[in-house]
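J.: Would you mind keeping the following structure in view while I ask a few things?
The values are calculated or read from the model by the stated rules, or taken from the named source; none is laboratory data. The structure presented is a predicted model; accordingly, all values stated were derived computationally and were not measured. Counting neighbours? That spans all protein chains shown, and the Cβs are built from the backbone with ideal geometry, glycine included. We work out accessible area using only protein heavy atoms, side chains counted, and drop any ligands, DNA or RNA first. Shrake-Rupley method; radii C 1.70, N 1.55, O 1.52, S 1.80 Å.
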Amino acid sequence: LDYVNEWVDYILLMGINPGVLGQKLKPFMIDKIAKYRAYSDNLKKPFKIIIDGGVNFQNAGLLHSAGADILVGGSQTIFHASSSVSENLRTLLKMERGGIT
């Protein structure tokens, strides 16, 4: 990123191996997000960090606290089978008050 950071607005980090639904977030991703957050915060033009894959209701706050700006919701959040899409969105909005934006 050192060579292109002035042109970067977002970086996308994959929290799982792409292609298979329902995988758990790779444990090292929290540290990786935190490292990219620290790197970004020291730039003249910081970038946003997006995390896709492995995001669920239990780890969303941790991902945000580590420095993720955007969490991509999927089968473990917005489209979780235990509730309707609208109910799952309400759950995420409640979490927003706890620090998720």
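J.: Please calculate how many Å² of accessible area the chain carries per residue, with a 1.4 Å probe and no DNA, RNA or ligand atoms counted.
T.: Accessible area per residue: 65 Å².
J.: Using r as the Cβ-Cβ distance of Ser86 and Asp9, and R0 as 30 Å, what FRET efficiency do you calculate, to the nearest 0.05?
T.: Working from the Cβ atoms, E equals 0.45.
J.: Separate question: Considering only the other residues whose Cβ falls under 15 Å of the Cβ of Lys26, what net charge follows from Lys and Arg at +1 and Asp and Glu at -1?
T.: Summing Lys/Arg as +1 and Asp/Glu as -1 gives +1.
J.: Further question: Probe radius 1.4 Å, ligands and nucleic acids ignored: give me the carbon and sulfur share of the accessible area of the chain as a rounded percent.
T.: That share works out to 58 percent.
J.: If we restrict to alpha carbons, what Rg and Dmax does the chain come to, in Å?
T.: Radius of gyration, then largest Cα-Cα span, for the chain: 14.2, 45 Å.
J.: Using the alpha-carbon atoms, what tilt in degrees (0 to 90, nearest 10) does helix 29-41 show relative to the longest principal axis of the chain?
T.: For helix 29-41, the angle is close to 40 degrees.
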